[in-house]
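Here's the structure we're looking at; comments come further down.
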Amino acid sequence: MSDDVHTPTSGGSCDEDALAAAWHQLTVRYHRLHCEIDRTLEASHQISGSEFEVLELLAAQPDCSLRMSELAGQVHLSQSALSRLVAGLEKNGLAQRTMCENDRRSVFTALTTAGRDLYERARPVQRAILRAATVDADTGSLCGADDFAAAAAPVDDGSRVSTR
């Protein structure tokens, strides 16, 4: 019986080692960028990067509203963490939760005017951080755009990657 997970050994192929190194570099870059966004948005607008992400997802909707279940599918938070985050946004007047009239089990989260205003003020700050971290100053193109796009490609398509 074969394990689904390959454990690297000192005899791993160069391709596997390069893959692991690329993965490590990607995660380090992501975490540094996420921490910078958190620190800067907290200092300038008193919101976290995750709160900004929720505001941005809501602002992108035609009616500035999403079902909590749809929101949960788009953020990288547990259901309970998302509920706490939205409760905090609601407490601060940035979002409002309402029950769906047709299905009392569904809860919608909507951006308030104050939430929209805060998002509009915070967006340039977040974009400046992203630009500084990902855009080549000389060419104006994304640094490693091909690698970045490949890494950002959706992987949660219901298929399982074979490691055998």
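Here, each number is a calculation from the coordinates, and none is a lab measurement. Predicted model only: the values in this text are computed from it and were never measured. So basically every Cβ, Gly included, is an ideal-geometry build from the backbone, and we count neighbours across all protein chains shown.
Taking all Cα pairs closer than 8 Å and separated by 6 or more residues, the relative contact order of the stretch 26-83 comes to 18 percent.
For VAL28 and ASP103, what is the calculated FRET efficiency with R₀ set at 45 Å and r taken between the beta-carbons, to the nearest 0.05? Mind showing how you got there, number by number?
On the way: r = 43 Å, r/R0 = 0.95.
In this case the efficiency is close to 0.60.
For the stretch 15-149, calculate the relative contact order in percent as a whole number, restricting contacts to Cα pairs under 8 Å that are 6 or more residues apart. Intermediate results must be reported in sequence, preceding the final value.
Details: 117 pairs, mean separation 30.8, N = 135.
Here the relative contact order equals 23 percent.
Per-residue Cβ neighbour counts within 10 Å put ILE37, ILE129 in the sequence ILE129, ILE37, beginning with the fewest.
When the expected Rg is taken as 2.2 N^0.38 Å, what fraction or multiple of it is the alpha-carbon Rg of the stretch 15-149?
Values: Rg = 17.3 Å, N = 135, 2.2 N^0.38 = 14.2 Å.
That works out to 1.22 for the stretch 15-149.
Karplus-based coupling profile of the stretch 81-93, in residue order and whole Hz: 5, 5, 4, 5, 4, 5, 4, x, 4, 5, 4, 8, x, with θ = phi - 60° in 6.51 cos²θ - 1.76 cosθ + 1.60 and x standing for Gly or Pro.
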